[in-house]
Every structure is written in structure tokens, then in C-alpha cells.
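Derivation of every value follows stated rules applied to the coordinates shown; laboratory data play no part. The structure presented is a predicted model; accordingly, all values stated were derived computationally and were not measured. As a convention, Cβ positions derive from the backbone with ideal geometry for all residues, glycine included, and neighbour counts pool all protein chains shown.
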């Protein structure tokens with residue numbers, strides 16, 4: 001019996017150790033347990049323990065099911081009951097009660113290790129960012145790409161065109177230099193030289209230089225008409241380019257044309273002013289200045305008068321050219337009109353040049369009212385008083401200025417006389433040259449100062465205490481001034497006298 005008990009105890013010990021090794025010691029061993037709390041046969045439990053004993057297999061199954069797996073709640077494992085003796089069962093139950101707390105701690109540690117292991121294996125979740133990109137137009141991108149691809153061909157075409165144009169242009173230049181100007185009858189069309197495109201139009205393909213409209217071309221030579229001169233454009237320095245010169249009026253002819261244009265406009269405006277004066281004289285109280293009708297001059301008579309004025313000092317062809325130019329410029333004015341009056345062409349203008357008698361008549365009607373006389377009297381009185389005050393003030397200031405200059409002259413003469421009396425050997429003469437006094441007292445470069453000095457000379461020549469003499473200085477006679485006697489010495493003014501003289 002003792003031998004049987006010993007064998008039975010060893011068998012239970014081995015089974016218990018095997019159960020402990022398979023059920024509660026690995027970090028992932030509890031994954032193979034069943035969710036049901038019902039006891040299972042030993043064979044099935046051992047087989048499941050053997051299947052889950054490998055950590056590699058359990059880890060692979062955990063990786064496959066880590067998104068949906070939920071660990072079971074902590075529970076106390078049920079003990080496997082074997083048919084053992086009663087004393088041994090009691091002893092084992094006591095051991096299980098002692099080991100229960102250790103199993104609870106092992107379960108918690110296993111769960112923590114599981115979460116740490118699964119967190120390390122879980123990939124980091126990254127949230128994709130939306131990239132805002134500019135939508136590309138497929139057609140435009142393809143067009144740009146095709147354009148860049150065709151750039152070499154475009155360059156070659158442009159280079160070929162440039163070479164062809166330069167060759168053609170060189171040929172035209174050579175032909176124009178050889179042929180000169182086109183004849184008046186052989187050229188395709190005359191070019192208006194007043195146009196800004198005149199000189200550039202002569203660059204158009206032609207074997208000769210186009211002739212200007214104001215010139216005569218024959219045999220390749222340009223001759224300008226009467227009253228016109230030939231002038232080369234400023235951009236054709238030295239006649240390098242085969243382009244046409246222009247025929248323009250000379251500076252003298254241009255000034256004559258402008259003067260005649262002003263004369264015509266003045267005659268017409270003066271004629272209109274006479275009509276305005278007559279209507280104002282007939283209706284002086286009317287506020288209407290411009291008349292309803294225009295003053296007119298017969299155009300044929302007016303042309304004869306202008307031709308008579310132009311013909312003075314000019315030839316017939318030149319006079320006709322000037323008259324045509326003047327008439328064209330005059331009729332271009334928007335204020336000048338030509339119309340038919342009684343089947344006769346007349347000319348007139350809306351511009352008015354009023355005569356002087358119109359202003360005199362207007363002033364007369366303005367002063368005709370009695371209120372106007374009152375207003376005029378007040379204005380004239382105010383102006384007269386203002387002018388009188390200004391004149392009196394100016395005279396008083398001017399008189400003070402002359403008195404100051406005269407006092408300085410007397411001071412110089414007094415000092416000279418006193419020095420002569422004290423040191424006659426050093427100061428040989430009591431007189432002082434007038435030129436020396438002038439240069440010491442006034443500014444000889446100021447015109448007003450020189451005029452003031454002339455007034456002082458007039459005053460000093462009439463003064464009884466001043467003697468005029470002629471003495472020789474450096475071999476030349478000089479006009480001198482000196483005091484007549486010692487009694488003529490003027491004492492110095494006191495401070496009070498100086499202040500009062502400045503005030504009054």
C-alpha cells in the first residue's frame with residue numbers, strides 16, 4: 001500500500017507539473033483556453049495545450065486576429081480532478097489556495113505583456129493629406145510642347161525670310177541709286193508729301209525713288225516748284241537711304257504765309273465787329289452781343305485784294321503758290337465760312353474784333369446813371385486820398401534821406417577843418433575833394449544813390465557855409481568843398497535831437 005501511494009503521488013506530481021507548464025506559465029499560453037467554464041476531458045485539454053505550447057504558432061495566430069480579438073475576463077482556473085486519495089486531495093487543495101494569488105498576478109502580467117507585444121506589432125496609422133494641385137489643361141500643355149518642338153523650324157523660316165528680304169532690299173537700293181527719281185509720267189502714282197508716311201512709302205518696292213507731289217522729276221532729278229525749297233529728312237543723314245527728299249516752303253515764305261493768314265482773319269473779324277457795334281448802338285440796353293447775321297465780303301474782291309498784297313515783291317508763279325497756300329489755310333479755320341448770298345460767293349467769320357468806339361459807347365451808357373456817378377465819386381476820392389498819402393510819405397522819407405547825406409558831408413568837412421587847424425603841416429588844406437566825399441558816403445554803383453548825390457550837390461552849392469574851390473591833386477584839377485570859417489562848424493546833435501529828427 002505504501003508503495004502504491006508513493007507511485008500514485010509521483011504520477012500526480014508529474015501531471016500537475018505538466019498542467020502548470022501548459023496552462024499558466026507562458027506569456028501567450030492563456031490564448032488557447034476555452035471561453036466556457038465547463039470542465040473538459042484531460043485528453044482534449046492536453047492536446048490543446050500541446051498545440052498552443054509553441055510560441056511561434058500562437059504569435060502568428062495572434063497577428064492574424066489582432067484586430068478582432070478580445071482577451072477573456074480574469075477567472076480562476078478550474079482544477080483537474082483525478083481519482084486520488086482523500087488526504088492527498090486535501091493537501092493539494094491547500095496548495096492550490098496558496099498558489100491562487102500568484103496565478104492572479106501572473107494573469108495580469110500576461111495581459112500587460114500581450115498589449116505591449118500587440119502594440120509593438122501594430123503598424124503606425126498615417127492619415128493621407130490631400131494635395132491641392134492646379135488642374136492642367138491637356139490641350140494647352142500639348143500646344144506649348146508642340147510650339148517648343150517647332151521653334152527650330154520657326155527660326156529657320158524666319159532666317160530664310162530675313163535673308164530673302166535683305167537680298168531683295170539690297171537689289172532695290174542698287175536700282176534706285178542707279179535710276180534716281182521716277183519721272184512724273186512714268187511713276188505709278190504721286191505721293192503726298194504732307195502725309196507722315198511719305199518718306200517711308202518711298203521704301204516700297206520700286207526701281208526708282210517716288211517723286212513728291214510738289215516737285216517736278218525728269219531724268220532722275222528732282223526740281224521743286226516755285227516758292228518751295230528742297231529739304232532732306234532728318235533721318236536720312238548724308239542721303240545714305242534711297243528715299244525721296246521733300247519740297248517745303250522756306251522760312252521766309254512760311255512767315256509770309258502766316259502773316260497773310262492773320263491779316264485775312266483780322267479783316268474778317270473787324271468787319272464782324274463793325275456789325276456788332278452798329279447793332280449795339282441801335283439797341284444799347286440789349287445784352288445780346290453777337291448779331292444774328294454775319295458780316296460778309298465778296299470772295300472775288302477779297303481774293304483780288306490779297307493777290308495785290310502778295311504781289312508786292314514776288315513773282316507771278318510764286319505769288320500764285322503763296323495765295324493758294326494762304327487760301328487753303330484760311331478756309332481750314334472752323335470759324336470762317338463761305339456761302340452764297342444773292343448768287344454771289346461771300347466769306348465771313350464768327351470771330352469778333354470790336355472797335356474802340358464800341359468800348360467808349362459802352363462806358364458812356366455805364367456812366368449815364370446817377371448811381372454810377374456816386375459810386376465813381378467814392379472810388380475816385382478813395383484813390384486820390386491813397387495816392388496823396390503815398391506821395392507825401394515818399395517826399396518826407398526822401399527829404400530825410402537827403403538830410404542824412406548832407407549831415408555826413410558837413411561832418412567830413414568839419415573833421416578836415418579841425419585837423420587842419422590842429423596840424424597844419426600834416427593837413428595842408430582844409431578842403432576835401434567832392435569825388436572823395438561821394439565815394440565815402442554813397443554807393444557809386446547804385447543808380448538811385450547817384451541821383452540822390454546830385455540833389456545833395458545842388459543843396460551844398462547853395463549853402464552859405466560851404467565854399468567851392470578848385471585845387472590840384474596829383475597834377476589834375478579837382479573840385480573841392482570846404483567850410484568858410486570856424487564859426488561854420490556844426491556842433492554834434494544830442495541824443496534827444498537825433499531821436500526827434502528820426503521821428504519827425
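A few comments on the model shown:
- Taking 426, 420 and counting other C-beta atoms within 10 Å, the order from fewest to most: 426, 420
- Counted by neighbouring Cβ atoms within 10 Å, the residues 300, 429 run from fewest to most as 300, 429.
- Exposure proxy for 232, 109: other Cβ atoms within 10 Å of each Cβ, ordered fewest to most, give 109, 232.
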